[in-house]
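Here's the structure, in structure tokens; my notes come after.
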Amino acid sequence: MSEYDIAAIIWPSYTGDEIRSRIFWPEGYGEWESVKRMTNKGYEGCRWPRKPLWGYVNEADPDVMEMQINAAIRHGVNTFIYDWYWFDNRPFLENCLNDGFLKAPNNTKMKFYLMWANHDATHLWDIRNSHLDNVIWKGSVTEKIFDEICDRTIEKYFSKKNYYCIDGCPVYMIFDLQNFVESFNSVEKCREGVKRFREKTIKAGFKGLNFQLAYFSDYKSRFKKEGSDEYYSMKELMEAVGFDSFTNYNWACVNINVDTDYEEVTDSYMKRCEEFSKFSSDFYPNITIGWDNNIRFKEFIKGVMKNNTPENFEKACIKIKEYTDKALQDGKMKAPLITINSWNEWTETSYLEPDDLYGYGYLDAIKRVFGE
């Protein structure tokens, strides 16, 4: 068995079971619609079209997820991080988690945890209108709704025996830090909201809460420090809110030029890891398989990672493993957690699921480096 917690992010859009998703993907089988239509557009680094070896499956089907869980475990992926959404005062795209993963008969073989993807919903997911910058649903909520989300999360998800914990504390990730703070109208009230979440989690019988952030880059936030005209940097804002740990969603989100060779991007990210390890919150590294989201656009969008072959991905895995081993030995990591972008981000060309180009190449690389 693997000595590492290899946690692959899941984008739960590959189903038509969520009725509200039809505004983005009207044919009724989720974002597979965009994947099926992608052709070779002729730009440098384009390796499309591709087809999933497992087919354009419904990932809200427990039989499908039973197969995927078995494949993940065989290759050393033992945790899923589910993108989780709350739009228009209700959950969105929960079907893949609730109806697929949690109803799969073998789901307890794997751990899982949530990342609240609290960014705004725009036309990005709809290739017909992805050039527009309109907000369809806001990612921020109200303080009252956040408390309701906490109660619901503890009851519905933390209570599962296979919910991922660090030192007995359920891990809960936030995607958009500024939208999160905006839900409370002030940093101080946000900090109080996180404190209430901790107290609720402890009351439910856990040692505490591991509140985690998908950290991007250290730019100036839109929030002023209390009693000052100075704005928080993102690093300062993370510390002020009270996050226990952080990772990265992908390498394209951490101020790295991804419009270059994969090995060069890997080296740039390893330097960022050294910087992140000096932060006060615990840092857990990420491995990103690739980046090219032209699948979502009619026009060419700059930023295409080149040569992200399974062989080069394996080299990146080795470097992250070496970093993790040293960080664990030095006491800088409380758990052997490594996040992967991703299990199925087909429309960002960053997925472990097998295709007709590389087969099981990426999954086999995980298995060779981290063990079954």
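The values are calculated or read from the model by the stated rules, or taken from the named source; none is laboratory data. Model, not experiment: these values are computed from the prediction. All Cβ positions, even for glycine, are placed from backbone atoms using ideal geometry, and neighbour counts span all protein chains on display.
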Of the criteria (1) surrounded by fewer than 22 Cβ atoms within 10 Å (Cβ to Cβ); (2) of a type in the set (G, A, S); (3) under 21 Å from S217 (Cα atoms), which one A335 fails | (3)
Test V194 against the criterion of being modelled with pLDDT of 95 or more, of a type in the set (V, I, T) and within 18 Å of I338 (Cα to Cα), and give yes or no.
-> no
Of those in region 245-280 that are in a helix (DSSP H, G or I) and basic (K, R), the residue farthest from the chain's Cα centre (by Cα) is K271
Any hit, region 153-163, residues being free of Cβ contacts under 8 Å to residues at least 60 places away in the same chain, crowded, with 19+ Cβ neighbours inside 10 Å and over 26 Å from K207 (Cα atoms) = no
Can you name the residue in region 102-123 that is in contact with a helix residue (DSSP H, G or I) (Cβ under 6 Å, 6 or more places away or on another chain) and assigned to a helix (DSSP H, G or I) and, of all such residues, is nearest to K189 (Cα to Cα)?
-> N107
Residue set E27, E66, E59, E31; condition touching a helix residue (DSSP H, G or I) at 6+ places or on another chain (Cβ under 7 Å), at pLDDT 95 or above and farther than 22 Å from A117 by Cβ; output residue E27
Might you check whether a residue that is in a helix (DSSP H, G or I), buried (at least 21 other Cβ atoms within 10 Å of the Cβ) and not hydroxyl-bearing (S, T, Y) occurs anywhere in region 299-307?
-> no
Could you tell me which numbered condition F197 fails, if it satisfies all but one of (1) in a helix (DSSP H, G or I); (2) farther than 23 Å from D88 by Cα?
-> (2)
Which of (1) in a loop (DSSP other than H, G, I, E, B); (2) closer than 30 Å to S281 by Cα; (3) more than 17 Å from the chain's Cα centre (by Cα) does E314 not meet, given it meets every other one?
-> (1)
Being assigned to a loop (DSSP other than H, G, I, E, B) and either without any contact (Cβ under 8 Å) to a residue 60 or more places away in the chain or in contact with a His (Cβ under 9 Å, 6 or more places away or on another chain) (or both) narrows it down to one of S140, S221, so name that one.
-> S140
Among N70, N40, N58, which is under 25 Å from N307 (Cα atoms) and polar (S, T, N, Q)?
-> N40
Would you check if S342 is surrounded by fewer than 20 Cβ atoms within 10 Å (Cβ to Cβ), closer than 30 Å to D167 by Cα and at pLDDT 95 or above?
-> no
Does any residue of region 327-340 turn out to be touching a residue at least 24 places away in the same chain (Cβ under 8 Å), assigned to a strand (DSSP E or B) and farther than 17 Å from D5 by Cβ?
-> no
Filter region 177-194 for residues that are of a type outside the set (S, T, N, Q), under 30 Å from I10 (Cβ atoms) and in contact with a strand residue (DSSP E or B) (Cβ under 8 Å, 6 or more places away or on another chain) and give the result.
-> L177, F180, V181, V194
Quick one: F216 ticks every box in (1) at pLDDT below 95; (2) aromatic (F, W, Y); (3) in contact with a Phe, Trp or Tyr (Cβ under 9 Å, 6 or more places away or on another chain) except a single one, so which number is it?
-> (1)
Could you grab me the full set of residues in region 162-194 that are of a type in the set (A, V, I, L, M) and assigned to a loop (DSSP other than H, G, I, E, B)?
-> none
Those residues that are of a type in the set (A, V, I, L, M) and in contact with a His (Cβ under 9 Å, 6 or more places away or on another chain), I need them from region 318-364; list them, please.
-> L352, L363
Can you name every residue in region 102-111 that is within 15 Å of I10 (Cα to Cα) and either surrounded by 21 or more Cβ atoms within 10 Å (Cβ to Cβ) or touching a strand residue (DSSP E or B) at 6+ places or on another chain (Cβ under 6 Å) (or both)?
-> M110, K111
